[in-house]
Every structure is written in C-alpha cells, then in structure tokens.
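**Q** Structure in structure tokens, see below.
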Amino acid sequence: MSKFSLLDHELIPNHEIMDDDELRTVLKHFNVEREQLPKIKVTDPIAQEIDAMPGDVVKITRKSQTAGEALYYRYVME
Amino acid sequence: MSISEATIDSMIGGLSLPMTTLATLKDDVMKVGVTKKELEEIIERVMADYEYACVEPCEAVGVVSAQSIGEPGTQMTMRTFHYAGVAEINVTLGLPRLIEIVDARKTPSTPMMTVALEEGYATDRDLARKIAWEIEATHIAHLADVTTDLANMNLVVDLNEKMLIQRDVAVDDVAEKLGEELGVSVKVSSAVNNQIIVQPNEPSYRELLQLAKKIHTITLKGIEGIKRVVIRKDGEEYTLYTEGSVLKEVLHIEGVDITRTSTNNIGEIYEVFGIEAARNSIIKEASDTLREQGLTVDIRHIMLVSDIMTCDGEVKQIGRHGISGEKASVFARAAFEVTVNHLLDAGMRGDIDELNGVTENIIVGQPIKLGTGDVHLVARNPLKDSGEQ
C-alpha cells in the first residue's frame, strides 16, 4: 500500500493546528474561550494524523455547498 | 471607462461575504464592465441584501430546521427496501433510512461500500474483477460440495475446479486454511483430483457433525462480512459496490483508491476518517435519502443537524441518549421522553431550572425568549428624572 495521507480523502476537509496569534484573533472575534469551541477528540484519526495535542485548537477549512469555503474550529480534548 | 480586474479585487477583497457570493459578484461585474462609482453602489446594495438574508440573532433556527425536515418526512414512503440504481444491491431508503441516520445507529440495516479503483485498475475489467474477488468473502459453499462420510468418519470436500479458477484459489491454500481454522487433520486426497478429506480428531458423531457445521463459517478468501461485490461501469471507470461494509480492511487492498472509497455506515466513517468526515457523510446520506424521495430540503437545515450531532467530537444521536437527553433544563428533557423519570430524578437531586430555553417557558406559561420576547425595553421615567433634578 502506498503511503497516503488521510487528509487526501474527499470526505475529509483540511485540518491544521492553529498558532497562538491566530487563535487569539479568532477567540476575540467570537468572544469565547477556547473550551467553548466545538470539540475534536485527541484519538480522532485526523487529530492523530496532524499530531494535535489536548488543548490545541484545530482550524478546519470546509468545502461548503452554500458558502464555497467555510472555516470551523475545534478544540482538541482528551 | 470600466475599471480593471485589480481594482475590482481590491474593492471587493475586504468584504465579509461568502466565497461563492464574492466570485459571482466579481464575474458579473467583469462581464458587464462598470465604473468605480457604479461598483461602489453595487457593493453597498449587495452588502445590504446579504445582511437582510442573514439569520437574525434570537431566531430559532433549530425549530425551523426541525419543521423543514419533519414536514417532508411525513410524505416519505414507508416502503423499506428499494433497488437504488446500484445493480441488484438492496439498500434501505426513505423514512427508515432517515431515522437510522439521525439515530446514529452503530451499523445501518443495509451496510454498503462504494470502492473506487486506482488508475490502471479502474479501466480494466479483469483487474477490477480480480480486486472484487479479493474483497468478497469466499466460503467453502462457493467452491465445493461437502459431504459427510459416516462410513469412514470424515468429511469429503469436492472442490469445483471452475470455481477455483474463477476465484483464483489453490487447492493447497484451501486445505491449509481449513486445517488452521478447524484444528484437525486436513489432507488433500491423492486418489481423486481436487478433493480434500477432513478427519476429526476423535471418531465421534458429535465431533463430525460439529465439523460439518463449522466448515461453512470459515472465510477462505476475501474480507469477512462482505457478502457480495458488484462491478459497475460509471462513465469510463469501473467501481465496486459491496454488500456489507468493512472499510478498514478494504483500504489495505492494492488497487483501491483510498481517497474516493466510502461507506454508508456513518459510525465506521467516524472511526476510520474522523469526526469531520462523519459530519460530511451525515449531510450526504441525509440529503441523498431526501432527494431520492423527490423531496427538496434546504441543505442548511441538514447541515445544522449534522453540526449539532458532531459538535462534541463524537457522533451523537438526536434523541433521548443524545442531544435531547443532554439538555441543561429539566423541563426540556421531561418534555421530550420519559417525563416522570426526569422529574423524579431532578426532584431527588434538587435540580434548579433557570427557565432560559423555549420549552421550559412554554411549559410554565411565560413568553419565550425568542424574537421580540428576548428584547427588554428600558425606559427612563421623565417625571422621576425631572423630579430628582
């Protein structure tokens, strides 16, 4: 089997771990704490693929049928 | 007179509009050719229209979604089974399928995989056939006649040579696999071609009958749980459809295009591809089910449902053990199902209901906090103000 990244799958949108600066802007924009964001489990196959740690926030760039592209954020939890 | 592409880009670049709207706006403006002043006015109008189209704060989107999915749901057929285009594979459709999706069942009643093939394999029918045999579970019943020989106290397996060639299995492999799984002596007969003799450890009838039963459950080749594989030509490519779903195993087979292979089992997608793929899959399955019945439901409603189902990092059902059962309010939970249990438990624990939600306020007979009900008017009393001065 050739090495492949789960992120190439057509059902899986792009996931990336956010850096602190970007995260601060996002949290300020929504006026929330990071724990209030939607969650992703640290055991999730994609969280493991990008080596996300509990406490990180993952930025997800979804392809949306209505908006073209939509950003979503998930807080990595145990 | 009309302005350049770069100017348009810089003018509409900073707008907080969705990508598709921006693209349409740009295309139309380029096609028509407008002056800077005109574009400014266009932008102003588009922004006003966009704001008007947005959902207002305090709008009950959940209730709107529930009704928008529920009403077409009443028109769905109760007919469970249907051959949905895919050659001969039976899939649950209609209302039962929709219920299955929102209930987040571990396994659907008719699991099915769509296996895409890699370049090179996809256009070659023989190669596609070969992969299909790799996937489909082969049992002894497919290959041979098994007879119980009571005189010699053994099982005689007469292999069908045609089937062996078709499924690409060797006699020795079958014998080896049987010996491994059954834990008894298995010999390839030297007298008769393609015959295997299975000898129980002890010459007892019980043992022999058990062997005869057990021999049928062994998977000789392929993936256990895949009952059938159907090859279909979609455009230029051959695609495999399977009855039964074991996504994890299929991804390891050579020639399978992993990036386009999926299943209708949402629980399996969640395990293998993660929560975001599960969300996409819920949207796809739910809207496909509704569309197949000729019902149009705006995708935003379905997106809201799947967002709620996946927001905690796992797929939760809409129901007593999921979204509705986790509501903070006692009354809201009691209004859904098992009313007495919730009220009794809350009473024993001394729970407090803050009456913040819709359901609770309807139960106690107060205006709900939605729309105008959520706005508080604060008026200054002019008399009192002047009196103090």
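The values are calculated or read from the model by the stated rules, or taken from the named source; none is laboratory data. Remember, predicted model here, so these are calculated numbers, not experimental data. Virtual Cβ from ideal backbone geometry, glycine too; neighbours counted across all protein chains shown. Side chains are part of the model used for accessible areas, which takes the heavy atoms of the whole protein and leaves out ligands, DNA and RNA. Shrake-Rupley method; radii C 1.70, N 1.55, O 1.52, S 1.80 Å.
**Q** Give the accessible area for residue B:273 in Å² (nearest 10); use a 1.4 Å probe, count only protein heavy atoms, and leave out ligands, DNA and RNA.
**A** The accessible area comes out at roughly 0 Å².
**Q** Let me ask you something else. Just want to confirm a number: the relative contact order over chain B, from Cα pairs under 8 angstrom separated by 6+ residues, in percent.
**A** Working: 505 pairs, mean separation 68.7, N = 389.
Value for chain B: 18 percent.
**Q** Then there's this: So for the range B:1-70, taking the charge dipole from beta-carbon charges (+1 Lys/Arg, -1 Asp/Glu), which of B:24, B:69, B:48 sits furthest toward the positive end?
**A** So the residue we want is B:24.
**Q** Note down, for chain A, the three equivalent ellipsoid semi-axes (square root of 5 times each alpha carbon gyration tensor eigenvalue), biggest first, whole angstrom. Walk me through the numbers before you get to the answer.
**A** On the way: eigenvalues 98, 56, 19 Å².
Largest first, chain A gives 22, 17, 10 Å.
**Q** Can you tell me the orientation of helix A:20-30 relative to chain A, as the angle in degrees between its alpha-carbon axis and the longest Cα principal axis, to the nearest 10?
**A** Helix A:20-30 and the main axis of chain A meet at about 60 degrees.
**Q** Treating the beta-carbon of each Lys and Arg as +1 and of each Asp and Glu as -1, no other charges, what is the dipole magnitude of chain B about its Cα centre, to the nearest 20 debye?
**A** Charge dipole, chain B, about its Cα centre: 860 debye, nearest 20.
**Q** Helix B:61-75 against the longest principal axis of chain B: what's the angle in degrees, Cα atoms only, rounded to the nearest 10?
**A** Helix B:61-75 sits at roughly 50 degrees to that axis.
**Q** With unit charges on the beta carbon (Lys/Arg positive, Asp/Glu negative), name the residue among B:148, B:178, B:128 whose Cα is farthest towards the positive pole of the charge dipole of the range B:125-183.
**A** Of the options given, the answer is B:128.
**Q** Here's a follow-up. Which values, in whole Å and largest first, are the semi-axes of the equivalent ellipsoid of the range B:196-247 obtained as the square root of 5 times each eigenvalue of the Cα gyration tensor?
**A** So the three semi-axes of the range B:196-247 are 39, 10, 7 Å.
**Q** Relative contact order of the range B:330-374: what whole-number percent is it, with Cα pairs under 8 angstrom and at least 6 residues apart?
**A** 33
**Q** Peptide B:353-363: average number of partner chain Cβ atoms within 10 Å per residue? Could you put the intermediate results ahead of the total?
**A** Values: counts 0, 0, 0, 0, 0, 0, 0, 0, 0, 0, 0.
Per-residue shielding by partner chains comes out at 0.
**Q** On to the next question. Calculate the FRET efficiency for residue B:152 and residue B:219 from the Cβ-Cβ distance with a Förster distance of 25 Å, rounded to the nearest 0.05.
**A** 0.35
**Q** Is it possible to state the helix-based mean residue ellipticity at 222 nm for chain A, with each DSSP H run of 4+ residues giving -39500 (n - 2.57), the sum divided by total residues, to the nearest 500 deg cm²/dmol? What is it?
**A** -5500 deg cm²/dmol
**Q** When only DSSP loop residues count, what trypsin sites (Lys or Arg not before Pro) in chain A have their Cβ near at most 13 other Cβ atoms within 10 Å?
**A** On the way: sites: A:3, A:24, A:28, A:34, A:39, A:41, A:59, A:62, A:63, A:74; in loops: A:3.
Here the trypsin sites (Lys or Arg not before Pro) that fit, given the DSSP loop and packing criteria, are A:3.
**Q** Also, I was wondering about something else. Hey, got a sec? Which GluC sites (Glu not before Pro) in the range B:282-389 land in a DSSP loop and have at most 11 other Cβ atoms within 10 Å?
**A** B:354
**Q** Continuing with this model, one more query. In square nanometres and to one decimal, what's the mean projected area of the convex hull around the Cα atoms of the range B:138-221? Write out the running numbers ahead of the final one.
**A** On the way: hull surface 19.3 nm².
The orientation-averaged projected area of the Cα hull of the range B:138-221 comes to 4.8 nm².
**Q** Eigenvalues of the Cα gyration tensor times 5, then square-rooted: what semi-axes does that give for the protein assembly as shown, in whole angstrom, largest first? Let's see the in-between values first.
**A** On the way: eigenvalues 644, 197, 84 Å².
Taking √(5λ) for each Cα gyration eigenvalue gives 57, 31, 21 Å.
**Q** Greater than 28 Å separation of Cα atoms is the criterion. Which listed pairs, A:41/B:227; A:59/B:233; B:106/B:327, meet it?
**A** In this structure, A:41/B:227; A:59/B:233 exceed 28 Å between Cα atoms.
**Q** On to the next question. Quick one: what does P(r) look like for chain B with 20 Å bins over all Cα pairs, in whole %?
**A** 19, 35, 30, 12, 4, 1
**Q** Based on the Kirkwood radius over alpha-carbon pairs, what value in µm²/s does the Stokes-Einstein equation return for the translational diffusion coefficient of the range B:80-227 at 25 °C and 0.890 mPa s?
**A** Reported coefficient: 136 µm²/s.
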